[in-house]
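Asker: The structure that follows is given in the form of structure tokens.
Read-outs: derived from the displayed coordinates by stated rules, not from any lab. Owing to the predicted nature of the structure, the values given are computational and were not obtained by experimental measurement. Cβ placement follows ideal geometry from the backbone for every residue including glycine, while neighbour counts extend to all protein chains displayed.
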Amino acid sequence: MTLKLLSGNDAVSNAVKTCKIDLISAMPITPVSPISEKLAQFVADGDLDARFIEADGEHSVMSILTGASIAGCRTFTATCGTGLGFMCNPIYNVPVMRLPIVMAVGNRPQGLLDFLSDHSDTMSVRDSGWIQMYVENNQEAVDTVIQAYKIAEDKRVLLPVMMCFDGWYLSYLSEPVTIPSQEMVDSFLPPFKPDHLSLDPEKHLAYGYQVNAENYNMEFRCKFNQAMERAKTVITEVGAEYGSLTGRTHGLVEPFMTEDAELILVTMGSMTGTAKQVVKEERAKGKAIGLVKVRSFRPFPGEALMDSVKEASIVVTLDRSISFGGNPPLYSEVAATLFPSEDRPTLMGAYAGVGGRDVTEERLRELITQTLEAYEKKRTIKGRIWVGFNGGENNKVI
Amino acid sequence: MSKQVEKEMRGELVAEGGPLCPGCGASLALQFALNTLGKNTVLLTTPGCVCMGTLTFDLHTLVKVPQIFTLFENPAAPATGVKAGLDRAGTEMNVLCFMGDGGTVDLGLGGVTGVAERGDPVIYICYDNEAYMNTGNQRSSSTPYGALTMTTPVGKNLKGKSRFKKDMPGIMASSGAAYVATASIAYIDDYVQKVRRAEEVTANDEGMAYIHVQAPCPTGWRFQTKDTIKVARLAVQSGLWPLYEIYSDEFKLTRRPKERVPVREYLNTQGRFRHLSDEQKDLIQAHTENRWRKIDESR
């Protein structure tokens, strides 16, 4: 295991190669096109024994993976933004059929205002029944892809996984990355042998059927939800096992310098790296700041998050997407997690990185100062804070 | 059905008592396709009459083969995945998409031509009942000129559909399908032979096989349920529904009406054409003559 300088796209492709994939289908889309190019090249060179199917659109991509997964294939694709939008309809069918498909999403805004990086694409399908894991850097992208198959294919789960890594910031940024050896991945990830899928003519099973609303439908949906709940345990176990092999352990959430912290930032994705640097510097100056990274957004790890933030006075969420006219996704989840507790910390919510606006150290320091000042004056900031908003102080735009 | 074709059948794979309408043309097309291919077949269907008729509620199905219910707008792409997955496992099975005209000619067109272009060895049968019948008879781009549907009504300003239907078999041939054919449930021997041919072509890995079969619909077309075969036969005899196949770039008529009957005889069997003016009927006749002129010139 040696360190290589790899872009997020190359890192993900190399990770997928180690997972004994049967079938890949993908479309070009900025900023993740190099993933499918690289995988196509691996297949062309004979370095990867898989089928690469060139599709005629993202809708067909997810449909092809659906068919292949029913036929017993381990499958992969990568997309983002509008590509994910075009895929939306078949995306909802995959969890219903309990197909453990893994997809990398290089987060890019939904809608055509820009095509930099935010989470509005994956957040638009957060209720689809896919597990969603947001990663901080290219190494975690590699580790999460490999773990994703083990989580998805676990018989307690059998749900698809989206590995969400910020477009541009990670997909095109080169970082030193370790790709686990084939032997290590082979010992970690058993071959895909689904018991619940068969096209045997003697059994003649039907997939994707309709069920009677009064008899089964709600009960099926309840079962999907229970599988999602069980996924919390599986994500933790798989992360620990992977950690014992590589020294890199990932769980549902990752607390960073939270001990005795007065203020805790709650982040997801690539901004976490910058935020950790700021937290370290503020700690050095004597400010009691900490951070919790939410890695698994679906299932949302309420208990693990609560354990990490319950001692703090202030919790500040940083959402990279907007729910227009409502509360943003991460803020909503954290608010719902904190609310039942009587001595809950004060919660403030910020938009950071929306539409690809850079989340710099300076902007984060400003956010920390602003929220601490408000707290010291015994008040909270009621509206959302727009980090790095042009033309005024952060929260004055509301 | 001839004795020869009867021998070709590989079982009764569609159970009786399904919820399809009496006199349903699509139901016949499904039965003969499945019984010809046999149970070593994966069936894919989309929302539509046949899907509702084969995948019934409460975890029971009428069809005795493995079955996948796909989305309306992706009738074909899942078949690519299924075929690739079966290949990888070393399993030889027919993969049959049995879809209506709405899913094929409108919503799923991109995906259907994608399978043809990639050359995936999948059998695709489009049962063309010439409208969105399961939702109650709304216009599709396969609805013929002049037909009354719920969205091409007859009123002061509109007299049924104002456009002719898409040439779907032509689209498939030019998209790279290895085998393309039209068929009719009134000519079962011809249909069964074409299904068999589609099986051979896909088994030989030559590419996609596409069959476009007319499926008269008593409910939507407004004729008596006993007349389904008569209507289908008149479509062929009038020249409105030519029976042909295209293989290796070669166009071949599989049945030429000795003498074409006027299209009026076909149109008059159905309530959906009742409002047509003489001018409109003449236009359909002229369109048909023109089509046959092209067919004859190309031979």
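Asker: Among A:219-229, B:115-125, B:208-218, how do they line up from the highest to the lowest mean number of other beta-carbon atoms within 10 Å?
Answerer: B:208-218, B:115-125, A:219-229
Asker: Sticking with this structure for a sec: Using alpha-carbon positions, what is the distance between the centroids of the range B:120-139 and the range A:240-256, in Å?
Answerer: 51 Å
Asker: Pulled fully out, how much extra length does the chain show between A:Asn89 and A:Glu202, if you take 0.36 nm times their separation in residues and subtract their Cα-Cα distance?
Answerer: 37.6 nm
Asker: Separate question: With a Förster radius of 35 Å, plug the Cβ-Cβ distance of A:Lys155 and A:Asp260 into 1/(1 + (r/R0)^6) and report the FRET value to the nearest 0.05.
Answerer: Once the sixth-power term is evaluated, E becomes 0.25.
Asker: Taking the 0 to 90 degree range and rounding to the nearest ten, how far is the long axis of helix A:361-376 tilted relative to the main principal axis of chain A, both from C-alpha atoms?
Answerer: 60 degrees
Asker: Per DSSP H run of n ≥ 4, the term is -39500 (n - 2.57); total these for the protein assembly as shown, divide by its residue number, and report the mean residue ellipticity at 222 nm rounded to 500 deg cm²/dmol.
Answerer: Calculated from helices alone, the mean residue ellipticity at 222 nm is -11500 deg cm²/dmol.
Asker: Same structure again: Arranged from highest to lowest average of other beta-carbon atoms within 10 Å per residue, in what order do the peptides A:172-179, A:232-239 appear?
Answerer: Put in order of decreasing packing, that is A:232-239, A:172-179.
Asker: Starting from the eigenvalues of the Cα gyration tensor, five times each then square-rooted, give me the equivalent ellipsoid semi-axes of the range A:1-72, largest first, whole Å.
Answerer: Semi-axes from the Cα gyration tensor: 22, 15, 10 Å.
Asker: Same structure again: Taking every pair of distinct Cα atoms and averaging 1/r, then inverting, what Kirkwood hydrodynamic radius in Å comes out for the range A:253-397?
Answerer: Result for the range A:253-397, one decimal place: 15.0 Å.
Asker: Quote the FRET efficiency, to the nearest 0.05, computed for B:Asn204 versus A:Asp49 with a Förster distance R0 of 22 Å and r equal to the Cβ-Cβ distance.
Answerer: 0.35
Asker: Could you give the nm distance between label points at B:Glu265 and B:Ser277, where each point is 7 Å from its Cα heading toward the beta carbon?
Answerer: 2.7 nm
Asker: Averaged over B:42-54, how many beta carbons belonging to a partner chain fall within 10 Å of each residue's beta carbon?
Answerer: Partner Cβ neighbours, averaged per residue: 2.
Asker: Normalising by the residue count of the range A:3-246, find the relative contact order in percent from Cα pairs under 8 Å and 6+ residues apart.
Answerer: That works out to 24 percent.
Asker: I've got another one for you. Rg and Dmax in Å for the range B:3-297, alpha carbons only: what are they?
Answerer: Rg then Dmax for the range B:3-297, in Å: 18.3, 61.
Asker: When every alpha-carbon pair in the range A:125-173 is counted, what percent end up more than 14 Å apart?
Answerer: 52 percent
Asker: Among the listed pairs A:Lys17/B:Lys83; A:Lys287/A:Lys310; B:Lys83/B:Lys165; A:Lys203/B:Lys39; B:Lys165/B:Lys230; B:Lys252/B:Lys294, which have their C-alpha atoms separated by more than 20 angstrom in this model?
Answerer: A:Lys17/B:Lys83; B:Lys83/B:Lys165; B:Lys165/B:Lys230
Asker: Work out the mean other chain Cβ neighbour count within 10 Å for the residues of A:20-26 and drop it here as an integer.
Answerer: Rounded to a whole number, the mean comes out at 2.
Asker: Another one. Roughly what angle does helix A:218-246 make with the longest principal axis of chain A, taking Cα atoms, 0 to 90 degrees, to the nearest 10?
Answerer: The angle comes out near 80 degrees.
Asker: Gap in Å between the Cα centre of the range B:262-285 and the Cα centre of the range A:72-88?
Answerer: So the two Cα centres are separated by 48 Å.
Asker: Moving on. Quote the FRET efficiency, to the nearest 0.05, computed for B:Glu297 versus B:Glu92 with a Förster distance R0 of 45 Å and r equal to the Cβ-Cβ distance.
Answerer: Computed FRET efficiency for B:Glu297 and B:Glu92 comes out at 0.65.
Asker: Taking each residue of A:202-215 in turn, how many C-beta atoms of other protein chains fall within 10 Å of its C-beta, and what is the average?
Answerer: 6
Asker: Quick check: pseudo-label points 7 Å beyond the Cα along Cα→Cβ at A:Asp127 and A:Arg248, how many nm apart are they?
Answerer: With each label placed 7 Å out from Cα toward Cβ, I get 3.4 nm.
Asker: Using Cα centres only, tell me the gap between the range A:374-388 and the range B:173-237 in whole Å.
Answerer: When both Cα centres are located, 68 Å separates them.
Asker: Also, I was wondering about something else. State, to one decimal in nm, how far the label point of A:Gln182 lies from the label point of A:Asp195, with both points 7 Å from Cα in the Cβ direction.
Answerer: Label at A:Gln182, label at A:Asp195, 3.1 nm between them.
Asker: PRE reach from A:Ala240 (point 7 Å along Cα→Cβ): which of the range A:109-153 fall under 16 Å by backbone N?
Answerer: A:151
Asker: Can you compute 3J(HN,Hα) from phi for each residue in the range B:215-222, using the Karplus curve 6.51 cos²θ - 1.76 cosθ + 1.60 with θ = phi - 60°, rounded to whole Hz and x for Gly and Pro?
Answerer: Going residue by residue, I get 10, x, 10, x, 5, x, 8, 6 Hz, with x marking Gly and Pro.
Asker: In degrees from 0 to 90, rounded to the nearest 10, what is the angle of the helix A:33-44 Cα long axis to the longest principal axis of chain A?
Answerer: That works out to roughly 30 degrees.
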